[in-house]
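Trainee: Quick one: the structure is below, and I'll ask about it shortly.
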2 protein chains.
Amino acid sequence: MTRKRFDEMGCSVACALNEVGDWWSLLVVKQAMLGTRRFVDFQHNLGIAKNILCNRLTRLVDNGVMVRVDVGEHGKRYEYRLTDKGRDLFTVVTALRQWSERWNGEKDTMQLVDRQTGEPLAPVTVQNQQGQTLTVRDVRFVDEDGKPLEEAG
Amino acid sequence: MTRKRFDEMGCSVACALNEVGDWWSLLVVKQAMLGTRRFVDFQHNLGIAKNILCNRLTRLVDNGVMVRVDVGEHGKRYEYRLTDKGRDLFTVVTALRQWSERWNGEKDTMQLVDRQTGEPLAPVTVQNQQGQTLTVRDVRFVDEDGKPLEEAG
DNA sequence: CAGAAAGGTTGCATAACGAAACCAAATAAG
DNA sequence: CTTATTTGGTTTCGTTATGCAACCTTTCTG
């Protein structure tokens with residue numbers, strides 16, 4: 001009765017959720033994007049139990065999303081930092097944030113702005129090669145041979 | 001000891017995860033984007049237990065991500081369809097899919113293409129108002145007054 | 001040396017999950 | 001009309017995950 005794993009479903013979305021799809025992982029990543037690096041700071045900013053935080057950080061490190069850096073000062077002290085792979089989740093986190101703000105209202109105390117201009121960000125969208133925005137109705141799902149999938153049944 | 005809720009953290013990312021952040025919800029949404037609408041089809045395509053699927057569909061309907069439509073044919077038969085709010089998760093799902101493909105390799109048997117041109121999609125990115133791509137290092141987190149957050153400690 | 005801080009680990013109670021069995025309504029088969 | 005099947009669940013039960021508190025270890029601080 002082990003929790004079903006998503007990495008053997010032949011679906012990259014499932015594979016991604018297997019790495020960052022549980023209750024806390026993406027929040028830890030988001031918090032790291034805000035600048036948090038130390039164990040106790042994650043703990044206080046997120047209100048997460050220590051054992052769960054420990055488990056999540058370990059999993060994120062194992063999956064290459066974060067790295068544990070030994071900063072020698074003041075005895076046993078580590079920093080958890082995002083890797084390139086982790087920073088690349090910025091798109092996902094931002095899309096999720098914007099989705100929530102669009103449909104659930106502004107419940108966040110913070111806002112993201114362009115560091116250069118100070119302006120708010122543009123909405124994250126899916127685009128084609130020409131830069132045109134696409135909805136889910138504008139795309140088709142095809143298999144390796146380019147044949148459209150008939151997957152509903 | 002109830003599972004911690006994310007909707008009271010003053011964070012829209014947490015709020016979003018509270019709605020679609022568990023193990024199955026986003027996969028159900030993704031499957032719906034592929035065209036799946038009926039209970040048994042979700043069950044077979046995802047390999048999810050019936051009670052869990054039932055719970056997730058109910059939660060998605062309660063959260064306005066999907067609707068349950070009574071299609072009168074053949075007795076008790078319903079369809080679960082995405083709402084506008086649910087379809088708007090296309091950006092999140094696509095960003096997650098692309099992230100997984102970039103960092104974990106092509107493990108998916110299907111591909112997304114522009115319905116018009118047949119070309120693969122462009123990578124989902126965060127952009128500023130001028131359409132320039134931004135990384136997490138190019139943005140700043142500010143509070144309501146525009147002051148930068150010092151949130152690490 | 002005593003005390004505190006950082007970073008964990010352990011134990012326990014509760015909640016969620018997964019598989020299979022069971023159920024009810026309505027249609028299809030005979 | 002009777003039986004079987006399909007659909008969409010609910011129930012039961014064992015396993016796993018989560019949250020909280022307590023404890024542990026190493027290193028700094030006083």
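The values are calculated or read from the model by the stated rules, or taken from the named source; none is laboratory data. Treat the numbers as computed from the prediction; the structure is a model and nothing was measured. Cβ placement follows ideal geometry from the backbone for every residue including glycine, while neighbour counts extend to all protein chains displayed.
Trainee: Can you confirm whether A:LEU82 is within 14 Å of DNA strand D (Cβ to nearest atom) and surrounded by 17 or more Cβ atoms within 10 Å (Cβ to Cβ)? Give the steps one after another, and end with the answer.
Mentor: Values: within 14 Å of DNA strand D (Cβ to nearest atom): no; surrounded by 17 or more Cβ atoms within 10 Å (Cβ to Cβ): yes.
So A:LEU82 fails the test.
Trainee: Assess whether A:LEU149 counts as being surrounded by 15 or more Cβ atoms within 10 Å (Cβ to Cβ) and at the interface with chain B (Cβ under 7 Å from one of its Cβ atoms).
Mentor: Here the answer is no, as A:LEU149 does not meet what is asked.
Trainee: Follow-up question, since we're still on this one. Checking the condition farther than 24 Å from A:GLU101 by Cβ and within 16 Å of DNA strand D (Cβ to nearest atom), which residue from B:ARG115, B:ARG77 passes?
Mentor: Working: B:ARG115 fails: within 16 Å of DNA strand D (Cβ to nearest atom).
Of B:ARG115, B:ARG77, the one residue that is farther than 24 Å from A:GLU101 by Cβ and within 16 Å of DNA strand D (Cβ to nearest atom) is B:ARG77.
Trainee: Only one of (1) surrounded by fewer than 14 Cβ atoms within 10 Å (Cβ to Cβ); (2) assigned to a loop (DSSP other than H, G, I, E, B) is not met by B:TRP23, so which one is it?
Mentor: (1)
Trainee: Kindly indicate the residue of the range A:7-24 that is more than 7 Å from chain B (Cβ to nearest Cβ) and hydrophobic (A, V, I, L, M, F, W, C) and also farthest from DNA strand D (Cβ to nearest atom) among those meeting that condition.
Mentor: My answer is A:MET9.
Trainee: Mind checking which residues of the range A:117-134 are at the interface with chain B (Cβ under 7 Å from one of its Cβ atoms) and either modelled with pLDDT under 95 or surrounded by 13 or more Cβ atoms within 10 Å (Cβ to Cβ) (or both)?
Mentor: Scanning the range A:117-134 gives A:LEU121, A:ALA122, A:VAL124, A:THR125, A:VAL126, A:GLN127, A:ASN128, A:LEU134.
Trainee: Residue under question is B:ASP108, and the condition is that it be facing chain A (nearest Cβ under 7 Å), surrounded by 15 or more Cβ atoms within 10 Å (Cβ to Cβ) and more than 30 Å from A:ASN63 (Cα to Cα); does it hold?
Mentor: The answer is no for B:ASP108.
Trainee: Let me ask another. How many residues are within 9 Å of DNA strand C (Cβ to nearest atom), out of contact with any helix residue (DSSP H, G or I) (no Cβ under 8 Å at 6 or more places or on another chain) and closer than 23 Å to A:LEU96 by Cβ when one looks only at the range B:15-58?
Mentor: Number of matching residues: 2.
Trainee: Out of the residues in the range B:70-92 meeting the condition of being within 16 Å of DNA strand C (Cβ to nearest atom) and part of a strand (DSSP E or B), tell me which one is farthest from A:LEU149 (Cα to Cα).
Mentor: B:ASP70
Trainee: Still on this structure, please answer the following. Please pick out the residue among A:GLU101, A:GLU79, A:GLU106 that is among the charged types (D, E, K, R) and farther than 20 Å from B:CYS15 by Cβ. Working first, answer last.
Mentor: Numbers: A:GLU101 fails: farther than 20 Å from B:CYS15 by Cβ; A:GLU106 fails: farther than 20 Å from B:CYS15 by Cβ.
Just a single option satisfies the conditions, and that option is A:GLU79.
Trainee: Can you pull out every residue in the range B:25-44 that is at the interface with chain A (Cβ under 9 Å from one of its Cβ atoms), within 17 Å of the chain's Cα centre (by Cα) and not β-branched (Val, Ile, Thr)?
Mentor: Listed by number, the residues that qualify are B:LEU26, B:LEU27, B:LYS30, B:GLN31, B:MET33, B:LEU34, B:GLY35, B:ARG37.
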